[in-house]
Amino acid sequence: MASVTGSGDRMHALVERLYPLCRSITGDGVRATLDIVGEHIPLQVHEVPTGTQVLDWTVPQEWNIRDAYIADPTGRRVVDFAASNLHVLGYSVPVAATMPLAELRGHLHTLPDQPDLVPYRTSYYTPTWGFCLSQDTLDALPEADYEVRIDSTLADGHLTYAEHVVPGQVADEVIVSCHTCHPSLANDNLAGIAVAVSLAQELARQTPWYTYRFIFAPGTIGAITWLARNAERVDRVKHGLVLACAGDRGQLTYKQSRRGDAEIDRVLRHVLAASERPHRINGFTPYGYDERQYCSPGFDLGVGSLCRTPYAGYPEYHTSADNPDFVSPESMEDTLAVCREAFAVLDRNRRYTNLSPYGEPQLGKRGLYDSLGGRSDAKEAQLAMLWVLSLSDGEQSLLDVAERSGLPFDTVAVAADALRDAGLIKAGGG
Amino acid sequence: MASVTGSGDRMHALVERLYPLCRSITGDGVRATLDIVGEHIPLQVHEVPTGTQVLDWTVPQEWNIRDAYIADPTGRRVVDFAASNLHVLGYSVPVAATMPLAELRGHLHTLPDQPDLVPYRTSYYTPTWGFCLSQDTLDALPEADYEVRIDSTLADGHLTYAEHVVPGQVADEVIVSCHTCHPSLANDNLAGIAVAVSLAQELARQTPWYTYRFIFAPGTIGAITWLARNAERVDRVKHGLVLACAGDRGQLTYKQSRRGDAEIDRVLRHVLAASERPHRINGFTPYGYDERQYCSPGFDLGVGSLCRTPYAGYPEYHTSADNPDFVSPESMEDTLAVCREAFAVLDRNRRYTNLSPYGEPQLGKRGLYDSLGGRSDAKEAQLAMLWVLSLSDGEQSLLDVAERSGLPFDTVAVAADALRDAGLIKAGGG
Amino acid sequence: MASVTGSGDRMHALVERLYPLCRSITGDGVRATLDIVGEHIPLQVHEVPTGTQVLDWTVPQEWNIRDAYIADPTGRRVVDFAASNLHVLGYSVPVAATMPLAELRGHLHTLPDQPDLVPYRTSYYTPTWGFCLSQDTLDALPEADYEVRIDSTLADGHLTYAEHVVPGQVADEVIVSCHTCHPSLANDNLAGIAVAVSLAQELARQTPWYTYRFIFAPGTIGAITWLARNAERVDRVKHGLVLACAGDRGQLTYKQSRRGDAEIDRVLRHVLAASERPHRINGFTPYGYDERQYCSPGFDLGVGSLCRTPYAGYPEYHTSADNPDFVSPESMEDTLAVCREAFAVLDRNRRYTNLSPYGEPQLGKRGLYDSLGGRSDAKEAQLAMLWVLSLSDGEQSLLDVAERSGLPFDTVAVAADALRDAGLIKAGGG
């Protein structure tokens, strides 16, 4: 996959455009987000009714919100949803009341250690209401009676998620999943959505080996809904990647699948190491993003997660400071590049069987060998052929060959193509 | 198991009381020792007749000794069994003779490099007699004719060993074994006996999961006798620990079973590492204490050995300097604490199967999840539940969960209890 | 196997005697070489006709050369085969012509970075002709017409290789293979041939356990021919060693078999580590000497390669500087010593089954145990017996015992002999 000039800027523009929308795990903010994504890549949008049983969960009522504020006795809005959708506790039930500050405090969420930032909070499954504001704002409020109003609706409706499929040469799938449920938070997860969109666009310009399925769904309940509705077909998912926190300026972090030695794990480890980027490889934990669901032991899919700085690992996490300035075009372009490189390996990684395994086959008579030596490129290509012949026992993959030989994966893959074309190896087991 | 105030002092008092008795692999000294132990915990005492075939061995004649000395021409006892039972070579045949020093020397054992100490020596299976004395004493003896007398008996009798059982919820057993054959040597092995007694007392105040069997038997021949007489039932022994050298002031040493990855090995490694005590983990060797017999390849039990400084690793080893001052209450209490912690892990270590393995089960609706976050304790408890759910595939144990997650075993075990009570996991395989 | 005084000098004398012969992958130079080797050890010489299909290859025409030179207009030979057989490109077709230097240059091979050395070059399967000379010689040639003449023959004939067998107690074989196709190059591979000859002589003075088969054959095509002609019997080859570059002054290098954990790999790693020689252990690569063929995936034999400095790892490699001065008697003697030590381990490495596996057998009653302790040698011997008894489960070999116990292999093997003689263990699985 060739690098795409300006993709960083285009991704950043998408982040900025999606930023103001009030997303949650259901509701019109999600639909508006998918409408915009759908302008870039075709989407199949799914609407799943409230009350639908999905694995151990039930699709909740749909939440929509039009306005919300706290007003002082003069009628001035001291906290206003219109200024930032973070100001309302996600899934707040409607409220219209006037109450003294002392009573109101029980519904206010702040970050005392980061007094100028507004936190992001939700209460999906326990009906309540609340506001999020900076500690500085709260400290400046005089004791008084305040009008509080949340013009929200919690009603039967739908959970909305979308898929985009890039057809491959085989039905085996690679899934790329990102959560769409966070309101105005840029790194978590608009950057992940933007990288996924660019990746899908690039893949669509090829005919990849695998079928690539992009899933845009709310966190937890969305992935669970997708898994519940695709339980019969989930065994075609051979590999996957959850994208989140894809745009901050920190180094890349790959979190391995529960299996730890899934092919996607080996590919990401290889690509990150080979690229000589500073990076971290983390073991699986059952906390994080939707890899939690894909890697739950009943499914145990080979799905890892690629982030820059992982969740909760940066002070801006889940605060108003996770705004579009916090993510950079260069970082998103770098995340995209690693996805591109990883899928380029994954997509060509095969197991072959040497059809001439007794002694070395005579490469020279097939035109595969420079008879009098030659350039170092040619030597590396020949060495790669010998390695592929040596290890192609139907069990070891080209990635195994690359890792054992120390040769670049691409050199190994090209050598394998030449040997396959010469009839010396065939794909698959013996 | 709660710490027991003053247990160190009580253990030391037991060491001091047992110290003067002349133990060997058979004889009345062993019986007197078991009588005293029996004052603390009920014992089933076994008497196995001389000549009984036990595995590849035969129970030897019983040895008893009343008096022994070397007297100079004036009749003064220059070496006297009454002063220390170490002075007589264990299992010495009776002798009554007068001989010049030159002839006597062939029967004298000293430690030229530790000239003020009396060595401990035995000759169980080669009939002979001898005395042990300090090099200083020997050097001070003038050339003269000496009266030597050993008033011992070697006669058909019995080998004596004892068992104490703490019944558990299951018939599967944990054995705790210590050797009872050494005369006046405090660390080797009165400290081990004392720790075993305290451990048995503590376990008896609970209803442990496993049945705990304490074995007090002479080294080698005693363990072999126990194995021979329990060959039919030995497969119920799931885990075990040999206690020896349990009271010196050195750091703890765990010697792994022959299998090296037995559960007892993993538990001790985990507990010692988690406790942040300085300690050593040693690989199995076929030399040492009765783990040699329990781990012989035909049995190959999961039995490790817990010492402080291992045998032959301290200069006082097998000398008169291994006296009650050499062992400390604090060290024995520390050894006891590690046994207590290890058995607390072993006793609760189970494999579970996640009954809701597809996606995460919704913890909130079962009251297992704080809906709005909370204290760090609560977060750790929730994380532990997610880890238990993720790894409970019927193969991985709670110890695996603790090690992979880095969470304390206790937190993991509590989480598993909560999940089991909520019907989300069940003990055992799928 | 005892060290043989003066073997280094004798090996060096053989190198010097073989050095002037013009070897190639076929031809009379190989035959003359084998004649001389045959003066030291009996050889079975095989002649395989041109055109014989061997695995994926075909035995080529036989090449012989009588004279070759480049003469200047005065008739002076400026490059002369009689001075060094490296001067002719191996397998050069005959030529007799006069041509200007400009045209001749296309047939001349030099080493511009090592201007005083003559390179070694061949073109076995692409018919051409050429001369090798130093860059200095080339630079001194004035522009002029030169007479070039190569009096060679390429004609149907034979490929020649030889075997020497030292019969063992079992039909299972160890092969020692060295290539015989290089002309005047001392380290690569006359030193390997010389070490193999001495090793064969030493083995013949014993009755080894394995049958040792020495193969003297041209590189690549020779090993392939041997494999093709022995395909039915190749499964009796249990272990093997390719000897090359056995005489330079560098440290030893063992290159592991493709399997990496073959017994020969473990033996060489053990012997080199135990000897405390500086050395390198390299992983398998599908490039190098005839281990490439023996380890091709269809055969996948346990064949490693022992060199001092590996091919292409020294500046004299494949140049006129690889002359008899480049190899030393001491280095060859050292290589021989490691082969001797390795085969002494390999030849005695067995798996045993403990026939008395329940508890320790009583060694004392069988005279295997010093009842009152004793010298450190005796203690080590006893410990070795306990280790052999502990690990003899029919799976673990004496080398496993040596490695796990840290005891010298020889001590372990002697202990095993004593236990076997006492009827406590038997060779093989349970």
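The values are calculated or read from the model by the stated rules, or taken from the named source; none is laboratory data. These numbers come from a predicted model, not from an experiment. Quick reminder, even Gly has a Cβ in these numbers, built from the backbone with ideal geometry, and neighbours come from all protein chains shown. Accessible surface is based on the protein model in full, side chains and every heavy atom, while ligands, DNA and RNA are left aside. Shrake-Rupley method; radii C 1.70, N 1.55, O 1.52, S 1.80 Å.
Simple spin-label estimate for residue B:99 and residue A:156 gives 10.7 nm between the two label positions (7 Å along the Cα-to-Cβ direction from each Cα).
Relative to the current alpha-carbon distance between residue B:125 and residue B:300, full extension at 0.36 nm per residue lengthens the span by 60.4 nm. Label-to-label distance, residue B:64 versus residue B:350, with points set 7 angstrom from Cα along the beta-carbon direction: 5.2 nm. Using a Förster distance of 60 Å, how high is the FRET efficiency between residue C:312 and residue B:378, based on the Cβ-Cβ distance and rounded to 0.05? Efficiency computed from Cβ-Cβ geometry: 0.40. A Cβ-based charge dipole, computed about the Cα centre of region C:62-154 with Lys and Arg at +1 and Asp and Glu at -1, lands at about 240 debye. Considering only alpha-carbon pairs that sit under 8 angstrom and 6 or more positions apart, the relative contact order computed for region C:75-151 is 42 percent. Given axes a ≥ b ≥ c from the Cα gyration tensor, I'd like to know whether region B:257-346 is rounded (a/c under 1.5), prolate (a/b larger than b/c) or oblate. Judged from the Cα gyration tensor, region B:257-346 comes out oblate (a/c at least 1.5, b/c at or above a/b). Give me the net charge of residue A:157's neighbourhood, meaning all other residues with Cβ under 11 Å from the Cβ of residue A:157; Lys, Arg count +1, Asp, Glu -1. So the environment of residue A:157 carries a net charge of -3.
By definition, a body whose alpha carbon gyration tensor gives a ≥ b ≥ c is oblate when a/c is 1.5 or more and a/b is not larger than b/c, and region A:62-154 fits this oblate description.
Using R0 = 60 Å, the C-beta based FRET efficiency linking residue B:32 and residue C:169 works out to 0.55. Split chain B at each of the GluC sites (Glu not before Pro) in a DSSP loop with at most 13 other beta carbon atoms within 10 Å, and the longest piece is B:277-430.
Fully extending the segment from residue B:53 to residue B:116 would add 18.6 nm, taking 0.36 nm per residue of separation and subtracting the current Cα-Cα distance.
Please give the residues from region C:281-307 for which the solvent-accessible area of heavy atoms, probe 1.4 Å, is smaller by at least 40 Å² with all protein chains in place than with the chain isolated. Residues meeting the cut-off: C:284, C:286, C:287, C:292, C:297, C:298. Residues whose amide H comes within less than 5 Å of that of residue C:282, counting only those at least five positions distant or on another chain, are C:254, C:255, C:256 (H built at 1.01 Å from N in the peptide plane). Provide the net charge surrounding residue B:98, with neighbours chosen by a C-beta distance below 9 Å and charges set as Lys +1, Arg +1, Asp -1, Glu -1. Local net charge: -2. Taking max minus min of the alpha-carbon positions on each principal axis, the protein assembly as shown gives extents of 116, 115, 47 Å, largest first. Using a simple spin-label model with pseudo-atoms 7 Å out from Cα toward Cβ, residue B:206 and residue A:71 lie 6.4 nm apart.
Taking amide H as placed 1.01 Å from N in the peptide plane, residue B:320 has its amide H under 5 Å from the amide H of B:118, each at least 5 places away in sequence or on another chain. Total Å² of accessible surface buried at the B-C contact, 1.4 Å probe, nearest 100? When B and C are taken together, about 1800 Å² of accessible area is lost.
Annotation: the antiparallel percentage among DSSP beta bridges lying fully within the protein assembly as shown is about 65.
Looking at this model, which pairs from A:379/C:255; B:238/C:426; A:238/B:379 are more than 23 angstrom apart at the alpha-carbon? Result: B:238/C:426; A:238/B:379 exceed 23 Å. What percent does the relative contact order of chain B come to when contacts are Cα pairs within less than 8 Å and at least six residues apart? That works out to 17 percent. In the distance distribution for region A:101-230, Cα-Cα pairs more than 27 Å apart total 42 percent.
Each residue of region B:319-335 is assigned a 3J(HN,Hα), and the resulting list reads 9, 5, 6, 7, 10, x, 5, 6, 10, 10, x, 5, 5, 5, 5, 5, 4 Hz, derived from the Karplus form 6.51 cos²θ - 1.76 cosθ + 1.60 (θ = phi - 60°), x at Gly and Pro.
Charge tally around residue B:198: other residues with Cβ under 10 Å, Lys/Arg +1 each, Asp/Glu -1 each, net 0. Computed in the context of the full set of protein chains, the accessible area of the protein assembly as shown at 1.4 Å probe radius has 48% of its extent on carbon or sulfur. What are the aspartates and glutamates whose alpha-carbon lies under 17 Å from the alpha-carbon of residue A:365, with same-chain residues fewer than 8 places away excluded? Filter leaves A:421, C:56. Give the shape of region B:351-427 as rounded, prolate or oblate, defined through the alpha-carbon gyration tensor: a ≥ b ≥ c are the square roots of its eigenvalues, a/c under 1.5 means rounded, and otherwise the shape is prolate if a/b is larger than b/c and oblate if not. Here region B:351-427 falls in the oblate category.
A 1.4 Å probe run over the protein chains yields, for the protein assembly as shown, 37 Å² of accessible area per residue, whole-number rounding. With contacts taken as Cα pairs under 8 Å at a separation of at least 6 residues, region A:351-427 carries a relative contact order of 46 percent.
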